[in-house]
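K.L.:
Just dropping this structure here.
The values are calculated or read from the model by the stated rules, or taken from the named source; none is laboratory data. No experiment lies behind these values; they were computed from the predicted model shown. Methodologically, a virtual Cβ is constructed for each residue, glycine included, from the backbone with ideal geometry; neighbour enumeration extends over all protein chains shown.
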Amino acid sequence: MAGRRGNGEGSIYQRKTTDKRWCASLSIGYDQNGKAVRKVVTAKTRAEVVKKLKAIQRQLDDGLPVPDQSMTVAQLLDRWYQDVLRHQVAESAALGYRSVANHHIVPSLGKKKLAALTTSDVDRLLSSKIDSHLAVSTVRRIRSVLAQAIDQGVRWGAVNRNVASLARAPRSQRKEGRTLTPDQAKRFLLELDGHRNEPLYALMLSVGLRRGEALGLRWDDLNVRTGVIQVRRQLQRETSGLVVRDTKTARSRRAINLPSPMLDMLKTHRARQAAERLALGDAWIDSGYIFTSSIGTPIDPRNLLREFKAICERAGLGDWHVHELRHSAASLMLAMGVPIQVVSEVLGHASIRMTADVYGHILAPDRQAAADAMGRVLWSAD
């Protein structure tokens with residue numbers, strides 16, 4: 001038997017089914033076709049259902065959307081990937097997000113109703129990942145992925161606040177990347193002498209280009225007269241094949257002055273490439289890239305990594321990753337006294353602070369020099 005409806009409570013009634021649950025129904029607006037949309041909530045008692053109904057009414061009064069009580073965390077992650085994420089970032093990045101969601105979030109929180117998800121739930125997930133000895137950077141990424149998905153859920157009106165953003169991310173401990181010493185760098189270049197891709201690796205080592213940035217360079221990016229090369233794009237391997245993307249950030253689009261020996265090496269490389277093109281004739285594929293395969297096509301980043309590792313082994317350097325050429329370039333520039341703001345610009349970092357965070361340990365001599373200078377100014381005898 002339905003109870004009498006209180007003032008402003010909406011429609012309240014008790015089911016005549018065996019569960020006898022109380023239900024409340026309230027109009028929350030209209031759909032795109034102008035049809036009234038009603039929100040229905042249920043509870044075991046009339047008092048509970050009235051409480052739920054009043055909570056919805058407060059949200060409507062505050063101009064907030066009513067959360068989707070049926071959507072689960074797994075459904076949100078899937079819809080976010082399908083409808084938004086894969087159209088916003090590179091395919092490889094989108095797949096990375098999805099992998100994090102499927103391996104770390106869905107197994108623990110996937111069945112949880114999004115509207116019922118709490119900050120405590122997220123903290124518990126992150127804590128369990130740290131206890132399982134997962135890298136702190138990976139745990140921070142898990143939180144980031146979940147927070148970005150819920151942020152989209154807020155935009156859709158599926159939930160009213162982002163509980164993942166409220167959760168505390170574990171403190172990160174930045175690890176210093178390995179760098180080649182000047183002696184190792186020279187041994188590396190000596191091993192490259194005469195190698196077809198010698199200019200490619202030498203360029204990455206001398207100015208700190210990312211692998212994709214180096215492979216994405218075209219001849220029209222190089223000004224031979226000024227010795228300046230423009231970094232505008234990056235070549236990446238995705239499931240669909242090789243694709244060209246914009247640089248990582250806006251500051252990654254940059255102009256770099258080349259060392260004179262590096263410029264001479266590129267001039268020689270262009271002449272050699274022209275000879276290869278002439279020898280192959282119609283078999284040559286004119287892609288316009290500075291660094292190509294033996295038939296003119298772009299170089300696959302995976303092939304470059306395999307080749308680089310083999311070169312390092314032959315040079316007696318051991319196992320290195322091609323990205324460590326970038327670390328080495330930054331470290332060597334700083335060690336030679338190049339100002340950190342210049343190094344930051346050459347690397348295309350988002351900020352000088354980022355450069356300082358990664359390579360600040362190299363600046364110790366400069367900091368001591370500053371201290372010594374102030375000591376002379378303030379305390380030395382006239």
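Yes/no per residue for (1) hydroxyl-bearing (Ser, Thr, Tyr); (2) closer than 30 Å to residue 343 by Cβ; (3) at pLDDT 95 or above:
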residue: 234; (1), (2), (3): no, yes, no
residue: 239; (1), (2), (3): yes, no, no
residue: 250; (1), (2), (3): no, yes, no
residue: 259; (1), (2), (3): no, yes, no
residue: 267; (1), (2), (3): no, yes, yes
residue: 273; (1), (2), (3): no, no, yes
residue: 286; (1), (2), (3): no, no, no
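K.L.:
Here is a further query. Going by the conditions given, is residue 242 in contact with a Pro (Cβ under 9 Å, 6 or more places away or on another chain) and surrounded by 14 or more Cβ atoms within 10 Å (Cβ to Cβ)?
P.N.:
Spelling it out, residue 242 is indeed in contact with a Pro (Cβ under 9 Å, 6 or more places away or on another chain) and surrounded by 14 or more Cβ atoms within 10 Å (Cβ to Cβ).
K.L.:
Moving to a separate point now. For segment 321-338: of the residues being under 15 Å from residue 187 (Cβ atoms) and surrounded by fewer than 21 Cβ atoms within 10 Å (Cβ to Cβ), which is farthest from the chain's Cα centre (by Cα)?
P.N.:
332
K.L.:
Ok, one more. Does segment 352-369 include one or more residues that are within 30 Å of residue 220 (Cα to Cα), under 26 Å from the mean Cα position of the chain (by Cα) and either at pLDDT 90 or above or surrounded by 16 or more Cβ atoms within 10 Å (Cβ to Cβ) (or both)?
P.N.:
Looking through segment 352-369, at least one residue is within 30 Å of residue 220 (Cα to Cα), under 26 Å from the mean Cα position of the chain (by Cα) and either at pLDDT 90 or above or surrounded by 16 or more Cβ atoms within 10 Å (Cβ to Cβ) (or both).
K.L.:
Quick one: would you say residue 159 is buried (at least 21 other Cβ atoms within 10 Å of the Cβ), β-branched (Val, Ile, Thr), in contact (Cβ under 8 Å) with a residue 12 or more places away in the chain and not in a helix (DSSP H, G or I)?
P.N.:
Considered against the rule, which asks whether it is buried (at least 21 other Cβ atoms within 10 Å of the Cβ), β-branched (Val, Ile, Thr), in contact (Cβ under 8 Å) with a residue 12 or more places away in the chain and not in a helix (DSSP H, G or I), residue 159 comes out as yes.
K.L.:
Next question, about the same structure. Testing residue 183 on (1) out of contact with any strand residue (DSSP E or B) (no Cβ under 8 Å at 6 or more places or on another chain); (2) under 26 Å from residue 88 (Cβ atoms); (3) of a type in the set (D, E, K, R), one condition comes back false. Which one is that?
P.N.:
Looking at each condition in turn, residue 183 falls short on (2).
K.L.:
Another question about this same structure. Restricting segment 269-293 to residues that are free of Cβ contacts under 8 Å to residues at least 24 places away in the same chain and touching a helix residue (DSSP H, G or I) at 6+ places or on another chain (Cβ under 8 Å), which is nearest to residue 217 (Cα to Cα)?
P.N.:
Checked segment 269-293; the qualifying residue nearest to residue 217 (Cα to Cα) is 292.
K.L.:
When you scan segment 294-308, how many residues do you find that are surrounded by fewer than 16 Cβ atoms within 10 Å (Cβ to Cβ) and without any contact (Cβ under 8 Å) to a residue 60 or more places away in the chain?
P.N.:
Here the count works out to 4.
K.L.:
Based on this model, can you work out whether residue 124 counts as surrounded by fewer than 15 Cβ atoms within 10 Å (Cβ to Cβ) and either under 16 Å from the mean Cα position of the chain (by Cα) or not assigned by TED's automatic domain parsing to the domain that holds residue 248 (or both)?
P.N.:
Yes: the conditions hold for residue 124.
K.L.:
Also, quick follow-up: Has segment 339-347 got any residue that is under 28 Å from the mean Cα position of the chain (by Cα), under 15 Å from residue 188 (Cβ atoms) and in a loop (DSSP other than H, G, I, E, B)?
P.N.:
Looking for residues that are under 28 Å from the mean Cα position of the chain (by Cα), under 15 Å from residue 188 (Cβ atoms) and in a loop (DSSP other than H, G, I, E, B), one finds none in segment 339-347, hence no.
K.L.:
Something else: Restricting attention to segment 165-177, does a residue exist that is in a helix (DSSP H, G or I) and within 18 Å of residue 79 (Cα to Cα)?
P.N.:
Checked against the condition, which is being in a helix (DSSP H, G or I) and within 18 Å of residue 79 (Cα to Cα), segment 165-177 yields no hits at all.
K.L.:
Would you mind stating whether residue 217 is assigned by TED's automatic domain parsing to the domain that holds residue 354 and within 30 Å of residue 186 (Cβ to Cβ)?
P.N.:
When the stated conditions are applied, residue 217 passes them.
K.L.:
Return yes when residue 37 is at pLDDT below 90, buried (at least 17 other Cβ atoms within 10 Å of the Cβ) and hydrophobic (A, V, I, L, M, F, W, C) and no when it is not.
P.N.:
It is false that residue 37 is at pLDDT below 90, buried (at least 17 other Cβ atoms within 10 Å of the Cβ) and hydrophobic (A, V, I, L, M, F, W, C).
K.L.:
Oh, and also: The conditions are (1) out of contact with any helix residue (DSSP H, G or I) (no Cβ under 6 Å at 6 or more places or on another chain); (2) closer than 17 Å to residue 40 by Cα; (3) modelled with pLDDT of 80 or more, and residue 91 fails exactly one of them. Which is it?
P.N.:
It is condition (2) that residue 91 fails.
K.L.:
Now a separate question. Go through segment 154-180 and give me each residue that's polar (S, T, N, Q) and either under 25 Å from residue 299 (Cα atoms) or at pLDDT below 90 (or both).
P.N.:
Across segment 154-180, the qualifying residues are 160, 172, 173, 179.
K.L.:
While we're looking at this one, here's another question. Residue under question is residue 222, and the condition is that it be of a type in the set (A, V, I, L, M) and over 23 Å from residue 342 (Cα atoms); does it hold?
P.N.:
no
K.L.:
Kindly evaluate residue 196 against the criterion of being closer than 22 Å to residue 248 by Cα and modelled with pLDDT under 95.
P.N.:
In short, no.
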